[in-house]
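The values are calculated or read from the model by the stated rules, or taken from the named source; none is laboratory data. Keep in mind that what you see is a predicted model, and the values were worked out from it rather than measured. Using ideal geometry, Cβ is built from the backbone for each residue, glycine included, and neighbour counts are taken over all protein chains shown.
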Amino acid sequence: MIMKKITTSLLGLLAAGLTLAPAHAQELFEQQTLPNPDNVPSPVFPVPTERQMAWFETEFYGFSHYGPNTFNNVEWGNDRKPNPLEYRPETMPDCEQWVNAMKAAGMKAVIVICKHHDGFCLWPTESTDFNVLNSAGVGPQVDIPKLVSDACRKNGMKFGVYLSPWDASNAAYATPEYVQKVFMKQITELLTNYGDIFEIWFDGANGGSGYYGGDALTTRNIDKKSYYDWPNTMDSIHSLQPGAVVWGREFRWCGNEQGYSGATCWSNFDTNAVTSEKINNEGYEEGYEFIPSECDVRTSQKWFWHADEQIKTPEQLFKIYLECVGRNATLIMNCAPNTDGVLSDAVVESLEGLGELLEKRLSDNFALQATNVTADNVRTGGKYEAKNVTDGDKNTYWATNDDQTTGSVTIELPEEKTIHYVMLQEYIRLGQRVRSFRIEYSQDGSRWMQFASGTTIGYKRIVARANNTSSYGTGVKAKYIRVNITDSRACPLLSNIAIY
Ligand code: FUL
């Protein structure tokens with residue numbers, strides 16, 4: 001009875017509301033619909049920011065762990081009384097050699113360690129005495145971020161900084177004073193004095209223990225989420241460096257240090273949810289934030305230089321490239337300078353070898369010579385033709401109509417080629433969409449064989465024959481390549497297909 005009364009009065013109110021609504025309400029609503037003469041697809045959220053796009057396009061960059069640990073044969077240096085004299089370069093580090101070797105590998109930027117967990121600052125800072133000015137040898141003259149940023153600019157590379165939030169030697173660490181007076185000061189100095197920064201790396205490691213000005217190995221735990229006041233810290237960073245993406249906030253750690261991203265890899269993520277190695281590696285489709293993945297990996301077994309290091313071969317590094325850059329993640333590859341302030345010959349040779357493999361295997365794109373590119377569905381609006389995937393322009397794309405979440409593009413080459421890899425890119429400015437795809441090849445355009453199949457694409461996916469990233473193999477002979485999008489969150493948008 002009561003229920004009926006409520007329902008009746010609700011209906012009454014609704015009717016009254018409808019009567020009271022202005023007669024032109026419908027008209028107003030229609031006027032507010034934006035015109036879309038080109039039939040541009042609606043975004044599928046989340047979508048990247050401009051600085052995330054610029055970061056994604058950097059793709060592959062170097063990391064260089066150098067500092068007191070280099071001279072002390074350790075990795076963290078949190079177990080000793082802080083002593084700046086333990087940093088003792090005898091000759092000026094040759095940072096241009098680092099940058100050139102990384103460039104030869106195909107890297108487009110360098111991120112340099114400015115302060116690792118031990119708390120030693122590799123630049124003359126006002127934030128602590130534990131810095132180069134009080135070091136030994138030529139140390140007081142060595143401003144690492146300056147040397148590396150100068151070398152980067154000279155050689156057309158972007159530059160970024162690593163600053164460990166965890167500071168094992170600062171007496172104020174774990175109190176608000178450390179964040180406000182030390183950490184923020186260090187961020188400000190690094191983002192003010194060394195030109196444009198494309199990325200700032202904040203390590204998630206927090207051993208909790210350290211010397212802390214007298215209390216060796218005392219554990220001081222902090223709540224990493226609230227302690228660093230990330231929302232305000234992010235604002236400060238972006239006001240100093242609008243182009244700098246922030247570690248853990250605008251891109252995520254891929255969940256391992258072995259150099260692979262998930263074969264399924266969404267840029268969609270949720271920084272507030274509980275994460276796991278698998279979620280970091282794969283992201284997840286329903287995540288409401290655009291936080292793509294970065295894979296950090298070493299050319300040796302450790303982050304800092306050690307006399308007994310073994311350097312990975314160019315083939316091993318190439319496989320890592322395929323499983324990171326080729327799986328919708330960026331790749332940051334560590335190359336550790338030694339006590340002479342240079343990358344060893346072994347590192348330089350492996351980096352050159354990698355650069356040669358990338359040049360030989362992934363630079364001659366046969367699709368740019370395509371004689372015909374067709375699709376089974378082309379979005380109306382006149383701008384979304386299939387040939388956009390081979391025009392070499394990242395801003396044009398093939399799209400289907402809104403009622404299609406599948407579709408195929410066929411590329412015909414002028415002649416038969418031996419094919420090892422197919423590279424796919426989604427137009428991710430409008431969101432990552434594709435859930436699954438299948439690639440086929442043919443010699444005559446009528447008999448088709450499977451090249452490989454996969455799940456996500458994202459910013460970039462490099463697909464090896466049968467997904468075999470371990471061996472270059474003999475390839476397949478094909479005059480035609482067909483890319484079938486077999487499932488997508490909304491109409492698929494492909495900006496680029498390359499054939500190698
Ligand atoms: C880790 C650190 O603990 C390592 O020393 C290194 O800096 C690596 C990049 O991140 O979490």
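Any idea how many residues of the range 308-347 are outside any helix (DSSP H, G or I), within 26 Å of the chain's Cα centre (by Cα), farther than 29 Å from T264 by Cβ and away from the ligand (no atom under 16 Å from the Cβ)? I'd like the intermediate steps shown before the answer.
As a first pass, look at the range 308-347 and keep what is outside any helix (DSSP H, G or I): 308-313, 325-344.
Subset that is within 26 Å of the chain's Cα centre (by Cα): 311-313, 325-337, 343.
Narrowing the set further to residues that are farther than 29 Å from T264 by Cβ leaves 311, 335-337, 343.
Now restrict to residues that are away from the ligand (no atom under 16 Å from the Cβ): 311, 343.
Within the range 308-347, residues that are outside any helix (DSSP H, G or I), within 26 Å of the chain's Cα centre (by Cα), farther than 29 Å from T264 by Cβ and away from the ligand (no atom under 16 Å from the Cβ) number 2.
Taking into account only those residues within the range 234-260 that are within 16 Å of the ligand (Cβ to nearest atom) and polar (S, T, N, Q), which is surrounded by the fewest Cβ atoms within 10 Å (Cβ to Cβ)?
Among residues in the range 234-260 that are within 16 Å of the ligand (Cβ to nearest atom) and polar (S, T, N, Q), the one surrounded by the fewest Cβ atoms within 10 Å (Cβ to Cβ) is Q258.
For the condition of a type in the set (A, V, I, L, M), under 24 Å from D308 (Cα atoms), surrounded by fewer than 24 Cβ atoms within 10 Å (Cβ to Cβ) and touching a residue at least 12 places away in the same chain (Cβ under 8 Å), what is the one hit in V74, V132, V142?
Numbers: V132 fails: under 24 Å from D308 (Cα atoms); V142 fails: under 24 Å from D308 (Cα atoms).
Answer to the selection: V74.
Enumerate the pairs (first residue in the range 149-163 and over 19 Å from F56 (Cα atoms); second residue anywhere and within 13 Å of the ligand (Cβ to nearest atom)) with beta-carbon separation below 7 Å, excluding pairs fewer than 6 apart on the same chain, so at least 6 apart or on different chains.
L163/C114; L163/K115; L163/F202
What's the number of the condition D345 fails, among (1) exposed (fewer than 15 other Cβ atoms within 10 Å of the Cβ); (2) farther than 30 Å from V74 by Cβ?
For D345, the exception is condition (2).
Quick grid of which residues meet (1) among the small types (G, A, S); (2) out of contact with any His (no Cβ under 6 Å at 6 or more places or on another chain); (3) touching a residue at least 12 places away in the same chain (Cβ under 8 Å); (4) part of a helix (DSSP H, G or I):
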site: W166; (1), (2), (3), (4): no, no, yes, no
site: S169; (1), (2), (3), (4): yes, yes, yes, no
site: D196; (1), (2), (3), (4): no, yes, yes, no
site: D203; (1), (2), (3), (4): no, yes, yes, no
site: G208; (1), (2), (3), (4): yes, yes, yes, no
site: Y212; (1), (2), (3), (4): no, yes, yes, no
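Filter the range 328-342 down to the residues that are β-branched (V, I, T) and surrounded by 20 or more Cβ atoms within 10 Å (Cβ to Cβ) and list them by number.
Looking only at the range 328-342, we keep the residues that are β-branched (V, I, T), and these are 330, 332, 339, 342.
If the condition is that a residue be β-branched (V, I, T) and surrounded by 20 or more Cβ atoms within 10 Å (Cβ to Cβ), then T330, I332 are the ones that fit.
Please specify each residue of the range 105-149 satisfying the condition of being in a helix (DSSP H, G or I) and closer than 18 Å to V161 by Cα.
Of the range 105-149, the ones in a helix (DSSP H, G or I) are 132-134, 139-141, 144-149.
V132, I144, P145, K146, L147, V148, S149, listed by residue number.
From the list E189, E177, exactly one residue is away from the ligand (no atom under 16 Å from the Cβ), in contact (Cβ under 8 Å) with a residue 60 or more places away in the chain and part of a helix (DSSP H, G or I). Which is it?
After ruling out the rest, the residue left standing is E189.
If you go through the range 375-384 one residue at a time, do you hit one that is surrounded by 14 or more Cβ atoms within 10 Å (Cβ to Cβ), in the same structural domain as N468 (by TED's automatic domain parsing) and free of Cβ contacts under 8 Å to residues at least 12 places away in the same chain?
The answer is no; no qualifying residue exists.
Here are some residues: D79, D129. Which one is within 16 Å of the ligand (Cβ to nearest atom), acidic (D, E) and over 30 Å from E356 (Cβ atoms)?
D79
Among the residues of the range 40-76, how many are on the phi > 0 side of the Ramachandran plot and within 13 Å of the ligand (Cβ to nearest atom)?
Number satisfying all stated conditions: 1.
Has the range 291-307 got at least one residue that is of a type in the set (A, V, I, L, M) and either more than 16 Å from the ligand (Cβ to nearest atom) or modelled with pLDDT under 95 (or both)? Steps first, answer last, please.
Keep residues of the range 291-307 that are of a type in the set (A, V, I, L, M), which gives 291, 297, 307.
Add one more test, that the residue is either more than 16 Å from the ligand (Cβ to nearest atom) or modelled with pLDDT under 95 (or both), and what stays is 291, 307.
Checking the range 291-307: at least one residue is of a type in the set (A, V, I, L, M) and either more than 16 Å from the ligand (Cβ to nearest atom) or modelled with pLDDT under 95 (or both).
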